[in-house]
Amino acid sequence: MPLLPTLSTFFIVLSALLVAVGWVFIVKKKFRAHRNTMISAAISALLFFIIYLSRTIIVGNTSFGGPEELKVYYTAFLIFHIILATVGAVFGIITLVLAFKRNIKKHEKIGPVTSIIWFFTAITGVAVYLLLYILYEGGETTSMIKAILGL
Ligand code: HEM
């Protein structure tokens, strides 16, 4: 198992689980628990992003190592996952800002949308991880720094 991708995938999954727990808390009107769980979910998502970004810059990205005829489907799925993750991150920040500004009406409206986008981000993220590292052997890994410096 590759260390950094496994660690970053763990943090996406943890973040989605915390969002689910935070949702249950607000349904039960446990406001403090909701706040703390959602902040933990945001920190977990941030850890995912930091690990993912540092790996991309220092080690590089790994290409799909599975069968050639599956490559196009893998790429389409990966792009779908990246779009979900980006939209989820933007919605997550907006949801948090609305909460801290006590704009609870809007926060309550956007919160479920953010949560559902984040669940799908985590599910598709795990699928990408399985396709890239577990079901097939990873392809070539090229470092961004190496690519830039032409090493
Ligand atoms: C299922 C979706 C969600 C619903 C229905 C919901 C609803 C609420 C409600 C009603 C409050 C007000 C509690 C109070 O009166 O003190 C609240 C607070 C809060 N929510 Fe959410 N929320 C949801 C999702 C989220 C998400 C995804 C995040 C994080 C990105 C989040 C972060 C917070 C925070 C940090 C507070 C506390 C603000 C503060 O008191 O300083 N919530 N939420």
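The values are calculated or read from the model by the stated rules, or taken from the named source; none is laboratory data. Bear in mind the structure is a predicted one, so any value in this text is a computation, not a measurement. Methodologically, a virtual Cβ is constructed for each residue, glycine included, from the backbone with ideal geometry; neighbour enumeration extends over all protein chains shown. For the accessible areas, the whole protein counts, side chains as well, though only heavy atoms, and no ligand, DNA or RNA atoms are used. Shrake-Rupley method; radii C 1.70, N 1.55, O 1.52, S 1.80 Å.
For the reader, a short list of remarks on this structure follows.
- Label-point separation, Ser40 to Asn61 (7 Å along Cα→Cβ), nm: 3.3 nm
- Solvent-accessible area per residue for segment 3-144 (1.4 angstrom probe, square angstrom): 62 Å²
- A Cβ-based charge dipole, computed about the Cα centre of the chain with Lys and Arg at +1 and Asp and Glu at -1, lands at about 1240 debye.
- Note: relative contact order over segment 1-108, using C-alpha pairs below 8 Å and six or more positions apart, is 23 percent.
- Residues Leu7, Leu17 ordered from highest to lowest accessible area at a 1.4 Å probe: Leu17, Leu7.
- Hydrodynamic radius by Kirkwood, which averages 1/r over all alpha carbon pairs of segment 3-144, in angstrom: 16.0 Å
- In this label model, Val90 and Glu69 are separated by 3.8 nm, measuring between points 7 Å along each Cα→Cβ vector.
- Extending 7 Å from Cα along the Cβ direction at Lys109 and again at Ile134 yields two label points whose distance is 3.9 nm.
- Surface composition of segment 3-144: carbon plus sulfur atoms hold 75% of the accessible area, using a 1.4 angstrom probe and ignoring ligands, DNA and RNA.
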